[in-house]
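Colleague: Have a look at this one.
The values are calculated or read from the model by the stated rules, or taken from the named source; none is laboratory data. Computed from a prediction, not measured in an experiment: that's the story for all the values here. Positions of Cβ are generated from backbone atoms using ideal geometry, with glycine treated the same way; all protein chains shown enter the neighbour counts. All accessible areas refer to the heavy atoms of the entire protein, side chains included, with ligands and DNA or RNA removed. Shrake-Rupley method; radii C 1.70, N 1.55, O 1.52, S 1.80 Å.
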Amino acid sequence: MKYSYLKKLGKNIKYIRKSKGLSQEKLGELIDKTRNYIGMIERAEINVPTGTIFDIAKALNVEPKVFFEF
């Protein structure tokens, strides 16, 4: 699939978010995005801007590269 990397990225973000005990709503609050937007990222429905990836990483206290460990 052409965008399988987006699915893997979303899956990694979701896994790390859940391991930190955060809801989509709380993560969204931390990066000034909606719960729906976080869900769209995790379901690979949108192409995530680089800046948002860095914001998510900061909010989850991880290096952005962990999202790309496929």
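Colleague: Checking the condition in contact (Cβ under 8 Å) with a residue 60 or more places away in the chain and in a helix (DSSP H, G or I), which residue from K8, K58, K65 passes? Reasoning before the result, please.
Modeller: On the way: K58 fails: in contact (Cβ under 8 Å) with a residue 60 or more places away in the chain; K65 fails: in contact (Cβ under 8 Å) with a residue 60 or more places away in the chain.
Only one candidate passes the filter, namely K8.
Colleague: Now for a different question. Every residue in region 11-41 that is open to solvent by less than 40 Å² (accessible area, probe 1.4 Å), out of contact with any Asp or Glu (no Cβ under 9 Å at 6 or more places or on another chain), more than 11 Å from F67 (Cβ to Cβ) and part of a helix (DSSP H, G or I), please.
Modeller: L27, G28
Colleague: Of these, L22, L6, L30, which one is among the hydrophobic types (A, V, I, L, M, F, W, C) and at pLDDT below 95?
Modeller: When all the criteria are applied, what remains is L6.
Colleague: Just checking, how many residues over region 42-53 are open to solvent by 50 Å² or more (accessible area, probe 1.4 Å), within 22 Å of K65 (Cβ to Cβ) and either free of Cβ contacts under 8 Å to residues at least 12 places away in the same chain or not in a loop (DSSP other than H, G, I, E, B) (or both)?
Modeller: 2
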